[in-house]
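Some notes on the structure that comes next.
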Amino acid sequence: MKAREPIGASSSTQPPDATDPYSENIVAAATPAGRGAVKVIRVSGPSSRNLVGRRLPPSRRRPWKPRHSSLTDFLDRDGNRIDQVLVTFYAAPASYTGEDVVEISCHGSPAIEAQIVDGLLAEGARLAEPGEFTLRAFLNGKMDLAQAEAVRDLIRSQTAHQARIARDQLDGKLSRVLRSVKERLVRVISHMETGLEFVEDPVEPDSRDKLLRDLRRIAGRIGELEESFRVGRVLRDGFVATIAGRPNSGKSSIFNALCRNERAIVSSVAGTTRDAIDQTVDLEGIPMQLVDTAGIRKARSPVERLGVRKSLDYVGASDLTLFVVDRSRDFSTEDARIWTELKDTLYLLVVNKIDLEAAVRIPSELESGARSRSDVSALTGQGLDTLRGAIREAVAPDSDWERERVVVTEVRHQECLQRARQRLGAGMDAYRDGLSEEFPLYHLRGALAELGGVTGETTVEDLLGQIFSSFCIGK
Ligand SMILES: Nc1nc2c(ncn2[C@@H]2O[C@H](COP(=O)(O)OP(=O)(O)O)[C@@H](O)[C@H]2O)c(=O)[nH]1
Ligand SMILES: [Mg+2]
C-alpha cells in the first residue's frame with residue numbers, strides 16, 4: 001500500500017470507504033472530442049491501476065513502473081483487442097491530481113475512445129465531472145486555488161499574451177505576492193496579540209504608530225493589486241470596440257484594415273452596411289472584438305433603421321468607441337448627433353481620409369472629450385499602427401503591468417481583495433480610535449481570511465463547485 005492520504009479522510013490508516021468521494025476512481029478523455037491522431041484518456045484514484053490492469057493482457061498487468069510508458073493492447077470484456085495503446089502510470093503523490101493516475105493514449109477515433117472509457121466504467125470507475133482532476137489536485141495540495149483557476153485560463157487562452165499571464169499565475173506569481181502581504185499582516189496581528197496577552201504591558205505609543213504605518217502600507221499594496229484588475233480583466237477577457245460614424249466616413253474600411261481582411265462590405269453607396277458585424281482580432285496580445293456598425297443617421301428604409309438602432313445599442317454595450325469623422329467633408333449635424341450619443345463614454349476620435357484634402361473643422365469639445373485623436377487613411381493604411389497603439393493605450397494603459405507586476409485577472413480575486421481592504425480599513429479605524437486590541441484584531445483577522453480566500457485557504461464547498469464546474473471535463 002502506498003503512502004497517500006486523500007484530503008477528507010480523517011486518518012491515513014483507514015481504508016478508502018465508499019462515502020469518501022476521493023476514494024472513487026474517475027475517468028475522462030483529456031483530449032477534445034472529434035477525430036485526431038491520438039486521444040488521451042485519464043484515470044485517477046486509488047485503484048486506477050487495478051482498474052486499467054483488468055483490461056490489459058495478463059502479462060502486462062504488473063509491475064507498474066512510474067512514468068514509464070508501455071505499449072500494450074487494451075481489451076474488451078471478452079478479452080478481444082479494442083486498440084493498441086500506450087499506458088503511462090504516475091504514482092501518488094507525484095501526479096497531476098496527487099493520486100495514482102493512469103494515462104492511456106489510444107488512436108484518435110471517437111469510437112475507440114468511447115469503448116475504452118466504457119470499459120473503465122464497467123470496471124468501476126465513474127465519469128469525471130468538469131474540472132474534477134484539477135479539483136483533486138487542489139484538494140491534495142498540489143496547487144492552490146489561484147493556480148487551479150490559472151489552469152482553466154491557460155486552457156482558454158486565445159493569445160500568447162493571455163497564455164503567459166495564466167502561466168505566471170499557475171507558477172504561483174500571484175500566490176507569492178499574496179503570501180508576502182499576508183506575512184506582513186500576520187506580523188502586525190501577532191504584535192497586537194502580544195499587547196492583548198500582557199494587559200499590564202500595552203503596545204507602546206510609538207510602536208502603535210509603527211503598526212498603523214505597516215497597516216497603511218499593506219492596505220496600499222492590496223489597493224495596487226485591486227487596481228491591476230482594471231487592466232487584468234481586459235487582458236484576460238478582451239474588450240469590445242465599436243466603430244461609429246456617419247455613412248461613408250470609412251467605418252467598414254477601417255474595420256477591414258484593422259482586421260486585415262475583407263470581411264465587411266465596403267461600398268460607396270451610403271447605408272450599405274445595415275447590420276452590425278464583428279470580428280475578434282489579436283491587438284498586441286489582447287483579444288479585441290471589433291464591431292462595424294451601420295451608419296448612424298436618420299434611416300430611410302426600415303431595414304436600415306434597424307441597423308442604426310443596433311449601432312447605438314452596440315455603442316452602449318462596448319468598452320470603447322472609435323468615432324470616425326471624414327476629413328474630406330464638412331462636419332455635419334449628423335456627426336454632431338453621433339457625438340451626443342458618445343460623449344459620456346470612452347471614445348477615440350479617428351479622423352479618416354487624410355489622403356484627401358482637408359475640409360472638416362472639428363469642434364474643440366469633441367476633440368477634448370476624446371481619449372485620443374488619430375489621423376488615418378484606411379485607404380493607404382497611414383496612421384493605422386498609431387490607431388492600434390491608441391486603442392491599446394485606452395483599454396490597458398500601463399504596459400508595465402504585464403512586464404513585472406502581477407495582474408489580477410479574476411473577478412473572484414478582485415472581490416476578495418476589496419473585502420480585505422475594507423476589513424483592514426475598519427481595523428485601522430478601530431485601532432486609531434484607541435479601542436482595545438480585540439476590536440482591530442477582529443477586523444484584521446477578517447482581512448487575513450479574505451486574502452486567504454484568493455488562494456483557497458478558507459474555501460467552502462459551494463465555492464469550489466462553482467469554480468471547478470467552469471472547467472472542461474478531463475482537466
Ligand atoms: N480617399 C479615401 N477614401 C476612403 C478612405 N476610407 C474609406 N474611403 C472610401 O469611402 C467610401 C465609404 O467607405 P466605407 O468604409 O464603406 O464607409 P462606411 O459607410 O462608414 O462604412 C468608400 O468608397 C471607401 O473606399 C480613406 O482613408 N481615403
Ligand atoms: Mg460600412
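The values are calculated or read from the model by the stated rules, or taken from the named source; none is laboratory data. Treat the numbers as computed from the prediction; the structure is a model and nothing was measured. Every residue, glycine among them, receives a Cβ derived from its backbone with ideal geometry; neighbour counts consider all protein chains shown.
Which residue is surrounded by the most Cβ atoms within 10 Å (Cβ to Cβ), if the candidates are limited to the stretch 268-296 and must be within 16 Å of ligand 2 (Cβ to nearest atom) and at pLDDT 85 or above? Of everything passing the filter in the stretch 268-296, ASP292 is surrounded by the most Cβ atoms within 10 Å (Cβ to Cβ). Looking only at the stretch 248-256, decide whether some residue is within 7 Å of ligand 1 (Cβ to nearest atom), modelled with pLDDT under 85 and in a loop (DSSP other than H, G, I, E, B). There is no residue in the stretch 248-256 that is within 7 Å of ligand 1 (Cβ to nearest atom), modelled with pLDDT under 85 and in a loop (DSSP other than H, G, I, E, B).
Whenever a residue of the stretch 248-260 is at positive phi, its partners that are of a type in the set (D, E, K, R), lying with C-beta atoms within less than 8 angstrom and at least six residues away or across chains, give the pairs ASN248/ASP326; GLY250/ASP326; GLY250/LYS353.
Which of the residues spanning the stretch 427-450 are free of Cβ contacts under 8 Å to residues at least 40 places away in the same chain and under 14 Å from LEU185 (Cα atoms)? Hits for the stretch 427-450 are TYR442, HIS443, GLY446, ALA449, GLU450.
Between VAL38, VAL87, the distinction of being surrounded by fewer than 19 Cβ atoms within 10 Å (Cβ to Cβ), in the same structural domain as ALA111 (by TED's automatic domain parsing) and within 30 Å of ARG156 (Cβ to Cβ) belongs to VAL38 only.
For (1) modelled with pLDDT of 90 or more; (2) over 30 Å from VAL151 (Cβ atoms); (3) surrounded by fewer than 21 Cβ atoms within 10 Å (Cβ to Cβ), each residue gets a yes or a no:
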| site | (1), (2), (3) |
| --- | --- |
| ASP385 | yes, yes, yes |
| ASP400 | no, no, yes |
| PRO440 | yes, yes, no |
| SER469 | no, no, yes |
| CYS472 | no, no, yes |
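Looking only at the stretch 92-117, residues that are assigned to a loop (DSSP other than H, G, I, E, B) and either in the same structural domain as ARG176 (by TED's automatic domain parsing) or not aromatic (Phe, Trp, Tyr) (or both) come to 10 in all. Going through (1) basic (Lys, Arg); (2) under 25 Å from VAL151 (Cα atoms); (3) modelled with pLDDT of 95 or more one by one, ARG81 falls short only on (2).
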